[in-house]
Amino acid sequence: MSEFMELLKGRRSASKFLPNHPISREELDEMFSLVKFAPSAFNLQHAHYVVVTDPDKQQQLYEAAHKQYKVKSASGVIVVLGDLEAHHNAAAINEGLFNLGILDQREFDETVSSVISFYEDRGDVFKRDEAIRNASLSAMLFMLIAKEKGWDTCPMIGFDPQLMREALQIPDRYVPALLIAIGKEDTGSQRPRGYRKPVGEFVTYDSF
């Protein structure tokens, strides 16, 4: 079995973390330096991560996450946000290609214009779907990278978004997509992996 296959099968959602395992900003930055290679629509890179390791802030997230103990016991909690206005970054994102001469002025202008109108024409529901969709793609990559670096994670959707906004001063343009608790898993009470559907139950070809 390849190293990637082992990593893929070894990653699990940790339900309990060991105490006293601080995670450094250097380690996290190393992970995020790889996360930036996640795919995103039009390369807009919708994801924004708010990393919380301060105990007082972590306590606030614990309250916002309906007092789930893993939030309090984790080495850190990461709030994954999706940018509802990411399409307005199209010019900045493509400026490098323009400056390098890969895009000429016409191509640059058309690219920026088409990306902005693609989102504006489809409305707020689409923007929200896109923010969450692209942030989630990035979050999955983060969890795999964390596992490769020796850290365990648990993605979480059980939280009060408004309390989260207030605790971390999150601007309105960002929608909380999920939380990721990160730390060293306490495997003492780990259950066997839950049922996974066989391929035939969730894959069809050419039609539903």
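Being crowded, with 19+ Cβ neighbours inside 10 Å, assigned to a helix (DSSP H, G or I), on the phi < 0 side of the Ramachandran plot and out of contact with any Gly (no Cβ under 6 Å at 6 or more places or on another chain) is a property that K57 lacks.
Each row is one residue, and each column tells you yes or no for (1) touching a Pro at 6+ places or on another chain (Cβ under 9 Å); (2) more than 30 Å from S117 (Cα to Cα); (3) of a type in the set (K, R).
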{"site": "M1", "(1), (2), (3)": "no, yes, no"}
{"site": "K16", "(1), (2), (3)": "no, yes, yes"}
{"site": "F42", "(1), (2), (3)": "no, no, no"}
{"site": "S73", "(1), (2), (3)": "yes, yes, no"}
{"site": "E95", "(1), (2), (3)": "no, no, no"}
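Total residues in the stretch 16-42 satisfying the condition of being of a type in the set (G, A, S), crowded, with 16+ Cβ neighbours inside 10 Å and part of a loop (DSSP other than H, G, I, E, B): the figure is 2. The set of residues in the stretch 183-208 being among the polar types (S, T, N, Q) and modelled with pLDDT under 95 consists of T187, S189, Q190.
Answer yes if at least one residue in the stretch 78-89 is at pLDDT 95 or above, under 17 Å from the mean Cα position of the chain (by Cα), part of a helix (DSSP H, G or I) and farther than 13 Å from A181 by Cα, and no otherwise. Looking through the stretch 78-89, at least one residue is at pLDDT 95 or above, under 17 Å from the mean Cα position of the chain (by Cα), part of a helix (DSSP H, G or I) and farther than 13 Å from A181 by Cα.
Inside the stretch 154-175, residues that are touching a helix residue (DSSP H, G or I) at 6+ places or on another chain (Cβ under 6 Å) and closer than 11 Å to L61 by Cβ make up a count of 5.
Taking the stretch 106-208 as the region of interest, the helices (runs of 4 or more DSSP H) fully inside it that hold 1 or more residues being closer than 27 Å to N43 by Cβ are 123-148, 161-168.
The values are calculated or read from the model by the stated rules, or taken from the named source; none is laboratory data. Computed from a predicted model, the values in this text were never measured in an experiment. Positions of Cβ are generated from backbone atoms using ideal geometry, with glycine treated the same way; all protein chains shown enter the neighbour counts.
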